[in-house]
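Let me begin by presenting the structure, written as structure tokens, before commenting on it.
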Amino acid sequence: MCPNAADQLIVGIDGGNSKTDVALATADGQLLGWLRTTGSNPQGIGLAATNRLIRTAIDSLLGSAQRSGVQLSVLSLCMAGIDTPRDAEAVRSALRERGERSLAQRIATRNDSEAGLRVATDDGVGIALVGGAGVNAIGVNERGVDARFAALGDISGDFGGGGGIAVAGVGAAVRAEERRGPKTSLGRAILASTGHSSLRELLDAILDGTFDQDRIGALAPVVLQQSERGDHVAREIEAYMIKHAVAYATASQLRAPIKRRPIPVVLIGGTLNAPLRGYQARIRAALRAALPPIDVRPLRAAPALGALLYALDAAELRISQRQIAEEKLRVSFTRVKPRSA
């Protein structure tokens with residue numbers, strides 16, 4: 001006999017480099033709280049800090065819901081930095097640290113790219129392409145076989161995140177100014193965006209740390225906008241980025257073939273979903289030319305919902321109960337916003 005769904009508490013966590021969303025619900029679909037706090041990537045802040053951050057956020061949500069001290073039925077983690085089985089076990093071990101209470105009866109770990117895939121599909125089958133600050137992808141087929149990627153940046157041959165596009169744009173602008181490369185509008189556009197009077201001044205600010213990495217990544221939209229306006233150098237950078245996105249998608253289908261037609265292809269992140277009509281048309285055309293029939297789905301809902309739905313999938317529920325609870329949670333996430341920690 002299944003436990004009462006209203007008595008089962010589930011938590012879904014979407015953890016990234018800059019922010020972490022933690023959502024608490026009952027297994028019958030009642031959203032009890034949604035909290036946003038700082039980044040939790042264990043590769044960036046360490047396992048001990050990730051453990052503390054997660055426990056603090058969950059305790060806060062349980063307290064607000066007047067459920068302090070209640071053990072979770074399922075904790076679902078979808079986090080940047082969980083890229084291999086070794087990463088997943090390290091995070092689970094940190095959360096089971098000796099001397100601390102057990103957070104949940106079951107702990108499931110996935111990469112953050114999987115959260116968006118679950119949000120945009122009914123069962124998590126499809127291809128997810130991630131293009132935000134960095135890039136990643138995952139493909140999951142009907143048999144549960146998945147295709148994963150190292151996603152370690154330059155060292156694993158990645159390109160297409162905001163940081164990479166921005167650096168390529170600054171480099172092209174500098175080459176043009178120094179007459180080592182073709183003329184481009186990128187220099188003027190980048191200076192207008194940053195407020196610097198010259199590229200030399202901008203480079204000095206980058207070197208001395210007054211213009212930090214986050215601000216560099218924010219220049220990616222400038223590159224894409226110049227491409228949209230017809231700048232040939234910016235268009236080459238965009239085309240290289242699209243080439244990499246297509247390579248991720250085709251590799252996903254080769255390694256974990258999906259029989260479903262059309263194949264759901266979920267676009268996640270601000271870089272891939274930049275609101276530029278021509279750019280979006282070019283991405284879709286390239287993907288459709290390389291793959292069997294596809295259904296391109298820009299991610300609109302919060303990935304935290306996907307993490308919570310994975311927790312719901314793991315709860316002890318009848319199929320009809322789970323379907324009703326999922327629909328309730330999807331509706332709830334359209335009506336509320338996360339509160340800040």
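Here, each number is a calculation from the coordinates, and none is a lab measurement. Everything numeric in this text was worked out from a predicted model, so none of it was measured. Glycine also receives a Cβ, built like all others from the backbone with ideal geometry; neighbour counts cover every protein chain displayed.
Tabulated data
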quantity	calculated
Helix runs (DSSP H) in the chain reaching 18 Å along axis by Cα, Kyte-Doolittle at least 0.5	47-64, 162-177
Where labels lie 7 Å past Cα in the beta-carbon direction, separation of Lys337 and Ser320 in nm	3.9
Efficiency of FRET from Cβ geometry, Arg188 and Glu142, R₀ 41 Å, rounded to 0.05	0.25
Top of Val22, Val130, Val170 by mean-square fluctuation, Gaussian network on the chain, Cα under 10 Å	Val170
Point-charge dipole on Cβ atoms (K/R +1, D/E -1) for the chain, about Cα centre, debye to 20	640
Under 5 Å, built H, 5+ apart or other chain: amide partners of Ala108	Leu75, Ser76, Leu77
Lys pairs under 27 Å by Cα in the chain, provided they are eight or more residues apart or on distinct chains	5
Charge-dipole axis of the chain as Lys and Arg at +1 and Asp and Glu at -1 on Cβ define it, positive-most pick from Thr84, Thr50, Gln8	Gln8
Kirkwood Rh, Cα atoms: Rg over Rh of the range 153-298	1.03
Residue exposure sequence - Ile155, Ile127 - by fewest surrounding Cβ within 10 Å	Ile155, Ile127
Three-way shape label, the chain, alpha-carbon gyration tensor, a/c 1.5	prolate
Charged-residue dipole, Cβ positions (Lys, Arg, Asp, Glu), the range 153-298 about Cα centre, Debye nearest 20	940
Cα lying deepest toward the dipole's positive end in the chain, options Val170, Ala133, Ala27, charges on Cβ	Ala27
